[in-house]
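Student: Input: one structure, supplied below.
No value in this document is a laboratory result; all are computed from the given coordinates. On a predicted model such as this, the values are computed, not experimentally measured, just so you know. Cβ sites come from the backbone with ideal geometry, for glycine too, and all protein chains shown count toward neighbours.
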Amino acid sequence: MPYDYEDALDYSSRWLDVIHKNEFPGVDDAHRIIDESKINFAEHYNRNWLEYRKSVTEAGDWAAVEWSGAGAVFKDVLGREYLDFLGGFGMMDLGWSHPDVVRTVKAQLDRSPMPSQELLDPLRGVLAKLLADITPGDLKYSWFGASGTEANEAAIKIAKLYTGKTAFIVAVKAFHGKTMGSLSLMGKSDYRAPMGPMYAGQVYHVPFGDADAVEKQLEICDKVGIGVAAVMFEPIQGESGAIVPPDDFWPRVRAVTKRHGVLLIADEVQTGLGRTGKLWGVDHWDVTPDILTVAKSLGGGVMPISAVTTTEEIFHPMMYPNPFMHTTTTGGGALACSAAISAIHVTLRERLWEKAAEKGTYLIEKLNELALQYPQIYEKITGKGLLIGMHFKDPETGYKVAAGLFKRKILVAGTLTSAQTIRVEPPLVVTREQVDAFLERLKDTLKEIK
Ligand SMILES: Cc1ncc(COP(=O)(O)O)c(C=O)c1O
């Protein structure tokens, strides 16, 4: 494609006008935006992405273009309202555009959005202290990035630096992100296999929830002289469909990692900050990991930010002799930190994990009733709090349910490592009435499919 500065100037100028306009687009403008979005995605972003999202495409609405939202409701550019039971893949615990977070971010934006990198940036310190306050045990030092996978990359490096060892034990069907290090720990071949060899150290996968397998793998590594840096799991597996491990799993893994002098990393990128009905997923079993990662809703659904938090002892090699051992220029900037400070404040003030527990218990009970009523459609319901998986007999049925719901103006989606699972993951601020509306429309959908 030849350079076209004139077109880029003109096009950006036109879109800046759209962005700066306060009122909702009129019908003609809306249709223009839809047409342009379709063309731009097909020609310049990812053509197959348009068609691949089956929940949306099978409902015949594949060009729905989102525009704005509040709480658990969002609108497309034509002004049609949808109930959001996907929650941005777990990024919207506080719902769309939480007013407190937006106000905080606007205030910080007017003051200074990004740090100098050389002076002390106060908000980075504030957020690190807040995380020390609210994470379990003596987790105390934090490093910030923008995405979940960055936090996990940092966790991998910290574990290697501290232990001087290279192997990791992780779970089948695990999802830790898609950059090379995190991807090496993934528990499904689809995304790993095409990349060929990645992390050069050893990675051992064990079935999730099987403490015996973890113990055995650690013993084998000991026997053959392979140094294990860390064992890393999601407290409840998210992308594999909200899979809850047996109650003895985390306590046993904690005990055996201590016995072997191996670090325990909890990937709380999706489970952290209330999603599963406790502030942290590991709180369900009163376990303190050595390293904890968090992202997604840490930015309050307003800014991208992630963190890895660990103890002073384990963080020591990140500080001495070289404090620039692991850095990123844009991660943990003032704007992102202001969003996280506000998100943590709202989460604690509203005790959102209790709301997730209460609504989740209700929703899971009702979904289990539906699963019993429609055994030809459902396999099972899993999850805790508002991290819920509806598992269907086959992927096609799952797509039909998601599409049926979208037709009825409810957004849900699949998971990244389980094809026949639909995730139910509304913002934690979802109301009881909205949960009931979801259930009514789901019943309607199931009736139609049956
Ligand atoms: C448990 C877990 N870890 C890591 C990630 C990766 O986070 P991100 O997509 O922000 O890189 C995800 C994303 O779904 C996740 O669920």
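Student: Using the charge dipole of the stretch 18-134 (Lys, Arg: +1 at Cβ; Asp, Glu: -1 at Cβ; taken about the Cα centre), state which of 130, 119, 64 has its Cα farthest towards the positive end.
Tutor: The listed residue farthest towards the positive side: 119.
Student: May I ask you to sort 337, 221 by Cβ crowding, counting other Cβ atoms within 10 Å and putting the fewest first?
Tutor: Details: 337 27, 221 19.
Fewest-to-most Cβ neighbours within 10 Å comes out as 221, 337.
Student: A further question on this structure: How long is the gain from residue 35 to residue 161 if the chain were fully straight, where each residue apart is worth 0.36 nm and the alpha carbon distance is subtracted?
Tutor: Length gained, residue 35 through residue 161: 40.3 nm.
Student: Just to be sure I follow the definition: excluding the sites themselves, where is the longest run in the chain that has none of the GluC sites (Glu not before Pro) in a DSSP loop with at most 16 other Cβ atoms within 10 Å? Present the calculation step by step, with values, prior to reporting the outcome.
Tutor: Numbers: sites that count: 23, 118, 350.
Result, exposed sites excluded: 119-349.
Student: I've got another one for you. Please list, by residue number, every one of the trypsin sites (Lys or Arg not before Pro) in the stretch 320-370 that is coil in DSSP and has at most 15 other beta-carbon atoms within 10 Å.
Tutor: Values: sites: 349, 351, 355, 359, 366; in loops: 351.
The qualifying sites are 351.
Student: While we're looking at this one, here's another question. Once fully extended, how much extra length lies between residue 370 and residue 7, figured as 0.36 nm per residue of separation less the alpha-carbon to alpha-carbon distance? Write down the numbers at each step before the final one.
Tutor: Numbers: separation 363, 0.36 × 363 = 130.68 nm, distance 5.40 nm.
So the extension gain works out to 125.3 nm.
Student: Ranked by Cβ crowding within 10 angstrom, fewest neighbours first, how are 129, 450 ordered?
Tutor: Values: 129 13, 450 9.
So the residues, fewest neighbours to most, are 450, 129.
Student: Next question, about the same structure. Would you list 315, 406 from fewest to most Cβ contacts within 10 Å? Spell out each step's value before the answer.
Tutor: On the way: 315 21, 406 25.
Lowest to highest Cβ neighbour count: 315, 406.
Student: Here is a further query. If you take the Cα Rg of the chain and divide it by 2.2 N^0.38 Å, with N the number of residues, what do you get? Don't jump to the answer; show the numbers that get you there.
Tutor: Details: Rg = 22.4 Å, N = 450, 2.2 N^0.38 = 22.4 Å.
Normalised by 2.2 N^0.38 Å, the Cα Rg of the chain equals 1.00.
Student: Roughly what % of DSSP beta bridges within the chain run antiparallel, to the nearest 5? List each step's numbers first, then the result.
Tutor: Values: 30 of 46 bridges.
Of the beta bridges lying entirely in the chain, close to 65 percent run antiparallel.
Student: Tell me the Rg and the Dmax, in Å, that the Cα atoms of the stretch 115-245 produce.
Tutor: Considering the stretch 115-245 through its Cα atoms, Rg and Dmax are 16.5, 50 Å.
Student: So if R0 is 30 Å, what FRET efficiency would residue 14 and residue 53 give, r being the distance between their Cβ atoms, rounded to the nearest 0.05?
Tutor: Working: r = 27 Å, r/R0 = 0.91.
Between residue 14 and residue 53 the formula returns 0.65.
Student: If you don't mind, another one. Please report, ordered by residue number, every helix of the chain (full DSSP H runs) that is 24 Å or longer along its axis going by C-alpha atoms and whose mean Kyte-Doolittle hydropathy reaches -1.0. Could you put the intermediate results ahead of the total?
Tutor: Details: long enough: 352-373 (31 Å, -0.32); 432-449 (25 Å, -0.77).
In the chain, the long hydrophobic H runs are 352-373, 432-449.
Student: Please give the net charge around residue 319, taking every other residue with its beta carbon less than 13 angstrom from that of residue 319, where Lys and Arg add +1 and Asp and Glu add -1.
Tutor: Details: positive: 140; negative: 312, 313.
Net local charge, residue 319 excluded: -1.
Student: If you take every DSSP beta bridge whose two residues both sit in the stretch 100-349, what share of them, in percent to the nearest 5, is antiparallel? If you can, show how the numbers build up before the last one.
Tutor: Values: 10 of 24 bridges.
About 40 percent, rounded to the nearest 5.
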